[in-house]
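Inspection log for the structure reproduced underneath, given as structure tokens.
The values are calculated or read from the model by the stated rules, or taken from the named source; none is laboratory data. Worth saying up front: this structure is predicted, and the values here are computed from it rather than measured. Using ideal geometry, Cβ is built from the backbone for each residue, glycine included, and neighbour counts are taken over all protein chains shown.
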Amino acid sequence: MHEFEEEDLVQGYYVSVAWFIRSRVPGLSHEEVEELAQEVLLAFLQKIDRLCNPDRARKYVYGIAQNKCADVLRLRSRQSPTERLDEQLIDANALDPSDIAAGFELRRKTREHLERHVPEPYRSGIILRCRDELSWGEAAAITGVHPDTLRLRARRWYMRLLFDSA
């Protein structure tokens with residue numbers, strides 16, 4: 001048995017796994033992303049004995065996450081477009097007006113945090129990626145910044161946002 005603590009695992013990987021899932025499977029709700037991230041970490045904990053090299057834990061976790069994302073995308077491709085639309089309408093009708101207001105407030109605070117902590121042109125790249133759903137390459141071409149630099153700046157900002165809001 002390896003020296004992994006469950007709490008350390010969740011703290012160390014949860015946010016990055018959720019970010020990974022959100023980037024690989026568009027259109028998931030916050031709850032669906034959380035649920036999938038928990039499934040990934042649970043699968044990792046169940047198979048931790050198979051891990052020969054603890055230094056490869058991160059790669060192992062992301063491999064599980066990639067497989068879970070592929071499962072979701074495969075399931076989606078089997079659904080008819082009308083089934084997906086029905087699910088979206090049910091989700092939209094289930095919203096409480098106070099939830100909608102809270103969402104507006106969260107977006108406002110996120111935008112303010114982004115403006116305060118991320119300089120141009122990185123801010124524009126992050127907005128193009130997140131709001132306009134462009135790829136990192138497309139956002140980089142528009143802003144003139146290397147895609148890896150944009151990803152790194154976005155990750156740093158996102159981690160700071162999580163820690164500042166906690």
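Applying a threshold of 9 Å to beta carbon distances and a minimum spacing of six or more residues, or different chains, the list of pairs starting in region 125-140 at a residue that is in contact (Cβ under 8 Å) with a residue 24 or more places away in the chain and ending at one that is surrounded by fewer than 21 Cβ atoms within 10 Å (Cβ to Cβ) and of a type in the set (Phe, Trp, Tyr) reads GLY125/TRP136; ILE126/TRP157; ILE126/TYR158; ARG129/TRP136.
Condition check ((1) closer than 25 Å to VAL25 by Cβ; (2) within 19 Å of the chain's Cα centre (by Cα)) across all residues:
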| residue | (1), (2) |
| --- | --- |
| PRO119 | no, no |
| LEU134 | yes, yes |
| ALA139 | yes, yes |
| VAL145 | no, no |
| LEU152 | yes, yes |
| TRP157 | yes, yes |
| ASP164 | no, yes |
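When only residues in region 111-129 that are out of contact with any helix residue (DSSP H, G or I) (no Cβ under 8 Å at 6 or more places or on another chain) and part of a helix (DSSP H, G or I) count, which is nearest to SER16 (Cα to Cα)? For region 111-129, the residue satisfying everything is ARG111. For region 130-156, a residue qualifies if it is surrounded by fewer than 16 Cβ atoms within 10 Å (Cβ to Cβ), within 17 Å of SER23 (Cβ to Cβ) and at pLDDT 80 or above, and the qualifying residues are SER135, GLY137, GLU138, ASP148, THR149, LEU152, ARG155, ARG156.
Just to verify a result, which residue in region 8-26, among those that are at pLDDT 60 or above and over 11 Å from the mean Cα position of the chain (by Cα), is surrounded by the most Cβ atoms within 10 Å (Cβ to Cβ)?
TYR13
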